[in-house]
Each structure stands twice: as C-alpha cells, then as structure tokens.
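Coordinate-derived values only; no laboratory data. Remember, predicted model here, so these are calculated numbers, not experimental data. No Cβ is skipped: glycine too gets one built from the backbone with ideal geometry, and neighbour counts run over all protein chains shown.
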Amino acid sequence: MSEIDQEKVVKVLNQILESELAGVVRYTHYSFLVFGFGRIPIVSWLRGQADESLLHAQQAGEWITSLGAYPSLEIGPLLDSHTLDLGSILQESMHAENVALDLYRDLLALVQDRSIALEEYARQMIYAEELHAHEVEKMLRRPGAAAGKLGVGGTDRGG
C-alpha cells in the first residue's frame, strides 16, 4: 500500500465534518417546522437524522485528530427554502445527502488501496448515506408509485 496524501485526506474529512454538522442543524431546524397529523413520526425521524449526522461528524473529527490534524470549527452550507412544505424539506434533505455522498466518495478515492481502515470507513459511510438517500427518495414518491416518479420505460406510473 502506498501512502495517503494526508493533506488532501484531512481536507475532505474536514469538509465531511462541516457537512455533517450542518446536517445536525438542518434536521433539528426542520423538526420544528412539521405540523399536522403526521407530526410525531416525522419529527422523530428528523431528529433521528440529526443524531446520525452528529455521530458522523464525531467519526470524521476522530479521524482528523487521528491523522494529527485540527478539526474544522466551520459548518457547511445550510439550505433553507423558508417553507413549511414537507416535500421541499425532503428535497433539501436529498440535496444534502447527495453532497455528503460525493464527499465520502472523494474520500474513498483518496484512500483506496492506501489505508484499509480509512477505506473501510469511507465505504461504510457511503453505504449508510446511500440507504438514507433511498429512504428520502421513497418519502418523496407519490403514494402508490412503487417505481419512483418514472416507471419502466420513462412513463409516469404514479397515482
């Protein structure tokens, strides 16, 4: 195994840290904006996502200090459409998940075949983020749309 480019790896880890900390704030904020009959389970889910983002931020911070670097005190961008519409909130969440996925993929590219531990960490995080993105995508589907917005052959199969 060849050596990792520590400066590049720490840079991406700090971006991950900042992105995940933004997730803590974003999901907590979103949880305040949910009203109606489905409020309790949706708020619970959003706050669970905030907790998961905090755990991911802590893991990234631990890796940064393990590499002898200083964790960022910055926070990533906070999207907010200033709406109470759950669909818009979930769209913003999907965008943030895609940003996080890209960062973890960037990390994997930097450490693949160079650090088994960091490679495994990046793969586990990609796995978790992909599952989360799939859950958000399912929540964005119309009820009865088993294949998503577009069905087989690109036709709208939703109800």
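Counting just the residues of the range 66-82 that are polar (S, T, N, Q) and touching a helix residue (DSSP H, G or I) at 6+ places or on another chain (Cβ under 7 Å), which one comes out farthest from I4 (Cα to Cα)?
Here the answer is S81.
Show the residue pairs that are 6+ apart or on different chains and have beta-carbon atoms under 6 Å apart, the first residue being within the range 79-93 and more than 16 Å from V25 (Cα to Cα), the second being surrounded by 12 or more Cβ atoms within 10 Å (Cβ to Cβ).
Final answer for the pair search is L84/L33.
Per-residue answers, yes or no, for (1) more than 18 Å from L118 (Cα to Cα); (2) assigned to a loop (DSSP other than H, G, I, E, B); (3) touching a Pro at 6+ places or on another chain (Cβ under 8 Å):
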position	(1), (2), (3)
Q15	no, no, no
A22	yes, no, yes
V25	yes, no, no
F35	yes, yes, no
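For the range 95-138, which residues satisfy the criterion of being touching a helix residue (DSSP H, G or I) at 6+ places or on another chain (Cβ under 6 Å) and surrounded by fewer than 16 Cβ atoms within 10 Å (Cβ to Cβ)?
Q112
Pull up the range 47-65, narrow it to residues that are free of Cβ contacts under 8 Å to residues at least 12 places away in the same chain and closer than 16 Å to E7 by Cα, then point me to the one that is surrounded by the fewest Cβ atoms within 10 Å (Cβ to Cβ).
Checked the range 47-65; the qualifying residue surrounded by the fewest Cβ atoms within 10 Å (Cβ to Cβ) is T65.
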